[in-house]
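No lab work stands behind these numbers, since they all come straight from the coordinates. Here the structure is a predicted model, which is why all the values come from computation and not from measurement. As a convention, Cβ positions derive from the backbone with ideal geometry for all residues, glycine included, and neighbour counts pool all protein chains shown.
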Amino acid sequence: MANLLRQQDAMGYRYPFLDLSKVNNMYIGRIKEAAERVICSGRYVGGHEVEAMERALAVACGVPDAYVVGVSSGLDALRLALRSYMHLGRLAPGDEVIVPANTYIATVLAVTDCGLVPVMVEPDVLTMNIDTSLIEGAVTPRTRAVMPVHLYGRVVWDGMLMDTVRRHNLLVIEDNAQAIGATAPVAGFNGSHISGTLGHAGAFSFYPTKNVGAMGEAGAVLTFDTQLAETLRAMRNYGQSRQYHNELQGYNCRLDPLQAAIVALKLPELEFENSSRRAIAGVYDCMIDNPYVSKPIYDGTGISVWHQYVVRVKDRDRFRDYMAGNGVETAVHYPVPPHKQACYPDMNILEFPVAENIARECVSLPVSRCTTLSDAEDISMIINKYRHG
Ligand SMILES: *Cc1c(COP(=O)(O)O)cnc(C)c1O
């Protein structure tokens, strides 16, 4: 009944969670121009549009000298980074990779797809990101890498993480699918503060719902490592170094110029996109005042880009029905943590109470560019009138 109510209203929310056609409409003139340019170019995979996007991403992240390799999705970015490290002898099947217990499943799928072993670590209850103070305790003689996920747009990066990584000589592959343009409180290994440039490799996603979205699938890996970048370029293209000469067993994970051109034209607007989300988050932070609704806490953990604005509510279904009844569409990121998914039966016995509790209580409020500041004020007032049963 509750779900039915939400579904029936799906087309008619006064405050929709995310209206992608509206978001893309803000760029429509330039998107049509780019599409026409690509169609007329006769080149539909790879090529200079992809190279232009790769340069634009390095610039948007404030590291114009970094290598960027455009690939077919965020999952492929993670997968290919791991596969490339395996090819370079930095990782071997059976090696352990530390991942957060609270993440989107793609992080974990990338690890298991490569024959590596995910070792999960509980989130910090306040930031909902991996608890960096618990990483050291999860390191074993087989640990070779950490994959921090900057979940919901907030960077997870601090001295404790860096110390553990240095002490055990680990690789850091950032899952930056949700945090493009976010700022870390302390500099990463390359001296920069921007998410995705902090560790040894950073994976980006341009899935349509991300802060910078393509109109299809797209992703990228950013690194300062020449060897890794070269391996990634071969890996995404059947493993060939030049045409029909295959040095490694690669994949077809190439990016198409249409997606690349759309991403490239949006990248210069990254700061605008992120600051408009920040403004909406600011309204929620000022205005939401209800003992039954816990707001995300912000305390010296850098500058978030608010991919999601996630509150926590004990009786979530009831709260979401109340919101839907008042015209507010909400979402849940994510209802089932990776270790409880049916695809990982061996992990189902594991218990990560903090992550499981977040999965039970989290609710995402509208925070995209199609939500206005006055919408955010209305939504806050609706939330403040919510009463627990
Ligand atoms: C979206 C996402 C991915 C995967 O990106 P795709 O482009 O959808 O493959 C990976 N990790 C996280 C945390 C994500 O949110």
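Structure summary
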quantity	calculated
Ranked by how many other beta carbons lie within 10 Å on average, peptides 33-41, 349-357, 252-260, 275-283 from highest	252-260, 275-283, 349-357, 33-41
The chain - charge dipole about Cα centre, Lys and Arg +1 at Cβ, Asp and Glu -1, debye rounded to 20	460
The chain - percent relative contact order, Cα under 8 Å, separation 6 or more	22
Expected 222 nm ellipticity per residue - DSSP helices of 4 or more, -39500 (n - 2.57), all of the chain, to 500	-11000 deg cm²/dmol
q = 0.14 Å⁻¹, the chain: log10 I(q)/I(0) [Debye, one scatterer per Cα]	-1.25
Region 16-64 and region 240-291: distance between their alpha carbon centers, rounded to Å	10
Whether region 1-154 is rounded, prolate or oblate, judged on the alpha carbon gyration tensor where a/c under 1.5 counts as rounded	oblate
Burial ranking of peptide ranges 221-229, 74-82 (average Cβ count within 10 Å, highest at the top)	74-82, 221-229
Reach of K385 by Cα under 12 Å, taken over aspartates and glutamates that are not fewer than 8 positions away in the same chain	D289
Loop trypsin sites (Lys or Arg not before Pro), region 328-389, which have at most 10 other Cβ atoms in a 10 Å radius of their Cβ (DSSP)	K385, R387
